[in-house]
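What follows is a single structure, written as structure tokens, with notes after it.
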Amino acid sequence: MAKPPKTKTTPKGPRQFAVGQLPSREAILEAMAQQPTLDGKRDLARHFGIHGDMRTPFKVLLKQMEGEGFIARTRKQIRPTAALPAVTVLDIPADADPDNLHAFPAQWNDDEGERPRVAVKQPKDARVAPAPGDRILARISAGDGELPDYTARAMNILDKPRRGQIGIVRMDEDGARLIPVDRKQKEMRIDGGDLGSARDGDLVEVEVKLTGRLMIPKAKVTNVIGNPKSEGAVSMIAIHNLEIPYRFPASVTKEAEEAKETTIKGREDWRHIPLVTIDPVDAKDHDDAVYAEPDTDPKNAGGHLVYVAIADVAAYVRPGTALDREAYIRGNSVYFPDRVVPMLPERISNDLCSLREGENRPSLAVRMVFDQNGKKRSHSFHRVLFRSAAKLSYQQAQAAIDGKPDDKTGPILDSILRPLWAAYGAMAKARDNRGPLDLDLPERKIILDKAGMVVDVKVPERLDAHRLIEEMMIAANVAAAETLEKHKSALLYRVHDTPSQEKLVALRDFLGSLQLPAPKSDAVRPADFNRILEKARSDGKIQQVSEIILRTQAQAEYAAENYGHFGLNLDRYAHFTSPIRRYADLIVHRALITALNLGKDGLTDSEIAKLPGIAQHISSTERRAMLAERETIDRLLAQFLAAHINARFEGRISGVTRSGLFVRLKDTGADGFIPASTLGTDYYRYVEEMQAMVGDRTGETFRIGDDVQVRLLEAAPLAGALRFELLSEGARGVPSSGRRGRKGSSASRGKARPSPKTPRKKR
């Protein structure tokens with residue numbers, strides 16, 4: 001894509017050219033820059049003396065220059081294309097070569113011609129590491145030649161806006177229309193020739209066309225995703241809408257299939273240590289195993305030895321390989337109720353690296369020594385080969401400890417399981433003394449049938465077996481961070497910042513409205529929040545306070561620089577225990593391999609230089625995964641509840657805004673909305689410090705955390721949206737303001753709404 005040639009202070013006449021001969025591209029651009037009146041094909045032909053047989057090749061040349069982006073043509077004019085600014089936003093195509101990245105401007109006027117292709121340079125010392133599919137803020141260079149040769153250096157990786165180009169095809173008398181998945185977007189027409197193979201009811205991906213004198217938007221089908229009622233289609237909406245890579249390139253699959261099993265060479269033999277895996281019942285891969293035994297050292301009476309073995313993914317996924325590039329692009333596995341989009345192919349994740357029972361597996365392991373109170377005395381890392389002694393589920397291990405062993409857990413109850421629980425008991429003491437944030441919010445599990453439809457929603461029981469694995473994984477992650485810091489090695493930290501001052505002010509206002517004590521200083525600790533939660537629990541206000549404290553927290557992320565983990569109350573923390581599903585853990589494994597001289601497949605200098613960019617990228621892929629999972633759950637629940645229109649449900653207010661109330665149903669966890677205009681005949685104002693809607697005249701109050709009864713009025717499965725009618729009355733309180741509200745009774749649930757003629761105040 002061309003830019004106007006650089007102007008100089010000293011005027012210069014046009015470059016000499018041979019009249020009647022085809023001019024060069026440079027000559028054409030220079031002539032147009034120096035003589036703005038040369039804005040048409042005939043003017044240019046006259047200027048260069050083009051006539052006779054030269055007209056056709058001259059037209060071809062102009063067409064080529066337009067296609068290459070050097071010039072832009074309108075109906076009557078030809079002009080040089082606009083130059084890219086020195087700093088601009090670029091989109092890297094998802095199918096770009098990771099070793100030779102290119103990008104295009106995110107915003108471009110099509111009247112300027114085709115978007116310029118920009119080569120993205122990645123110096124070894126670059127702090128930002130863009131990948132295919134990224135949106136970047138970049139510094140642009142056009143080169144020194146007359147024709148621009150655009151190159152870019154990434155300054156920052158940006159969040160890409162959602163495409164929102166997913167919808168359902170509906171046939172009607174006039175042809176076809178697209179019903180968008182996102183209800184905020186408008187329907188569009190689809191011309192017959194733009195339908196492709198799509199049929200009525202198909203879920204499709206489209207591009208938007210602007211047609212006609214009025215530039216009316218129309219949709220053109222680019223991909224038929226499938227029928228939204230078919231198995232796995234609901235998660236595919238999020239996958240396509242958020243551009244989550246879900247198909248492995250052939251090069252990646254080939255590399256995975258050709259991988260050979262790792263041998264004992266260069267490793268310690270830990271096959272005599274009976275480590276076991278404890279995972280969910282439906283887990284397909286197993287990336288961590290644990291074992292504990294009493295410490296026989298007389299200097300550590302009552303102490304424990306804890307072993308944590310983690311799948312050695314670094315042995316198979318080496319820096320710079322196709323497997324590594326694809327893992328980086330994905331950043332993490334994405335878990336949906338109906339499918340998993342893995343970070344690594346099954347050959348790696350479910351086979352070679354999965355810690356299968358009774359099979360030799362390579363591992364990066366840590367041996368930790370704890371005293372009788374759970375305080376860690378020492379630790380060491382080892383690259384080993386081991387063999388899992390048993391594959392257990394959480395429920396299976398817990399049942400054995402609770403006195404109900406089965407055929408598998410019975411023989412290992414005294415030798416493996418009870419020592420594990422004894423070690424956990426000591427570690428739990430240290431955890432309680434440390435005082436991490438104690439927000440125990442229930443997580444719901446959606447149960448699907450064979451067709452991928454919701455049949456039930458359950459809250460899994462929280463077991464000590466879950467807490468045991470969590471605590472041992474946290475200890476291993478801390479040990480990894482400590483070791484790498486000791487060796488002055490670069491690493492990726494898992495960080496969680498303290499709450500912002502603005503959020504703390506809002507929390508104080510809210511707690512004050514509930515007559516609960518609030519932290520007076522901005523230098524808060526998790527223990528401060530735990531005391532608030534304990535007081536709220538005793539006062540019967542735990543739900544309101546838990547919701548607000550959760551919203552007060554910053555979002556955890558990855559960073560090359562450490563600022564601690566507030567929620568866990570840890571000074572240093574790294575993710576080490578799940579390299580099958582998190583790229584961050586793979587980076588930490590490589591860092592340990594390099595720092596401890598455990599092999600030649602460790603962290604490279606190039607990776608070290610790019611750690612800030614890697615951290616930023618995988619933090620964004622994590623947020624994308626969380627959003628995709630949440631959207632899919634919303635759609636599945638809306639689909640499930642669509643058969644229960646007008647049914648009554650028990651719920652809890654989960655959010656309050658000026659526009660209305662958000663309610664979460666207690667049984668299913670489904671979220672829905674109640675517009676403020678439907679609350680009653682009183683006029684309700686949003687009171688931010690109370691996180692409540694309060695009636696002007698009556699003081700009737702609906703506050704976050706309040707239990708309510710609602711009626712389901714509308715369900716939009718594709719959008720994952722529910723709309724409720726409020727059936728409960730609010731608490732009586734002080735009117736929201738001294739201004740006059742609308743007349744009428746506030747207790748209007750189930751009664752006629754005010755007349756449309758009744759004037760309303762603006763919100």
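The values are calculated or read from the model by the stated rules, or taken from the named source; none is laboratory data. Since the structure is predicted, the reported quantities are computational estimates derived from the model, not experimental observations. Every residue, glycine as well, gets a Cβ built from its backbone with ideal geometry; the counts of neighbours run over all protein chains shown.
Considering only residues in the range 670-717 that are among the hydrophobic types (A, V, I, L, M, F, W, C) and in a loop (DSSP other than H, G, I, E, B), the one that is farthest from GLY651 (Cα to Cα) turns out to be LEU679.
Within the range 662-669, is even one residue closer than 22 Å to ASP509 by Cβ and part of a strand (DSSP E or B)? Scanning the range 662-669 turns up at least one residue that is closer than 22 Å to ASP509 by Cβ and part of a strand (DSSP E or B). Just a yes or no: is a residue in the range 556-565 among the hydroxyl-bearing types (Ser, Thr, Tyr), surrounded by fewer than 17 Cβ atoms within 10 Å (Cβ to Cβ) and not assigned by TED's automatic domain parsing to the domain that holds GLY669? Checked against the condition, which is being among the hydroxyl-bearing types (Ser, Thr, Tyr), surrounded by fewer than 17 Cβ atoms within 10 Å (Cβ to Cβ) and not assigned by TED's automatic domain parsing to the domain that holds GLY669, the range 556-565 yields at least one hit.
Can you find even one residue in the range 278-289 that is small (Gly, Ala, Ser) and either surrounded by 15 or more Cβ atoms within 10 Å (Cβ to Cβ) or modelled with pLDDT of 95 or more (or both)? Yes, because at least one residue in the range 278-289 is small (Gly, Ala, Ser) and either surrounded by 15 or more Cβ atoms within 10 Å (Cβ to Cβ) or modelled with pLDDT of 95 or more (or both). Filtering the range 355-366 to residues that are assigned to a loop (DSSP other than H, G, I, E, B) and of a type in the set (A, V, I, L, M) leaves only LEU355.
Scan the range 719-735 residue by residue and report those that are in a loop (DSSP other than H, G, I, E, B) and surrounded by fewer than 21 Cβ atoms within 10 Å (Cβ to Cβ). Those that are in a loop (DSSP other than H, G, I, E, B) and surrounded by fewer than 21 Cβ atoms within 10 Å (Cβ to Cβ): ALA719, LEU727, SER728, GLU729, ARG732, GLY733, VAL734, PRO735. Determine if the range 672-694 includes at least one residue that is within 25 Å of the chain's Cα centre (by Cα), over 30 Å from ILE329 (Cα atoms), surrounded by fewer than 21 Cβ atoms within 10 Å (Cβ to Cβ) and not acidic (Asp, Glu). Checking the range 672-694: at least one residue is within 25 Å of the chain's Cα centre (by Cα), over 30 Å from ILE329 (Cα atoms), surrounded by fewer than 21 Cβ atoms within 10 Å (Cβ to Cβ) and not acidic (Asp, Glu).
Hey, any hits in the range 445-456 for a residue that's touching a residue at least 12 places away in the same chain (Cβ under 8 Å), outside any strand (DSSP E or B), in contact with a Gly (Cβ under 9 Å, 6 or more places away or on another chain) and not assigned by TED's automatic domain parsing to the domain that holds GLY720? Yes: one or more hits. Restricting attention to the range 601-654, report how many residues are in a helix (DSSP H, G or I), charged (D, E, K, R), under 26 Å from PRO342 (Cα atoms) and touching a residue at least 12 places away in the same chain (Cβ under 8 Å). So the answer is 8. In summary, VAL208 fulfils each of the numbered conditions (1) within 30 Å of LEU722 (Cα to Cα); (2) at pLDDT 85 or above; (3) aliphatic (A, V, I, L, M) with the single exception of condition (2).
Do we have LEU491 as assigned to a helix (DSSP H, G or I) and in contact with a helix residue (DSSP H, G or I) (Cβ under 7 Å, 6 or more places away or on another chain) here? Considered against the rule, which asks whether it is assigned to a helix (DSSP H, G or I) and in contact with a helix residue (DSSP H, G or I) (Cβ under 7 Å, 6 or more places away or on another chain), LEU491 comes out as no.
When VAL545 is tested against (1) surrounded by 14 or more Cβ atoms within 10 Å (Cβ to Cβ); (2) over 17 Å from GLU689 (Cα atoms); (3) not charged (D, E, K, R), just one condition goes unmet, and that condition is (2). Restricting the range 367-423 to residues that are of a type in the set (A, V, I, L, M) and in a strand (DSSP E or B), the residue that is surrounded by the fewest Cβ atoms within 10 Å (Cβ to Cβ) is VAL369. Entry remark, the range 639-656: residues being within 30 Å of MET690 (Cα to Cα), at pLDDT below 95 and hydrophobic (A, V, I, L, M, F, W, C) number 2 in total.
The condition of being modelled with pLDDT of 95 or more, part of a helix (DSSP H, G or I) and under 22 Å from PHE566 (Cα atoms) holds for ALA480. Scanning the range 38-87 for residues that are touching a helix residue (DSSP H, G or I) at 6+ places or on another chain (Cβ under 6 Å), modelled with pLDDT of 85 or more and over 13 Å from PRO23 (Cβ atoms) yields no hits at all.
What do you reckon, is PRO460 under 28 Å from the mean Cα position of the chain (by Cα) and surrounded by fewer than 17 Cβ atoms within 10 Å (Cβ to Cβ)? Yes.
Inside the range 592-644, residues that are surrounded by 20 or more Cβ atoms within 10 Å (Cβ to Cβ), within 30 Å of ARG267 (Cβ to Cβ) and within 24 Å of the chain's Cα centre (by Cα) make up a count of 6.
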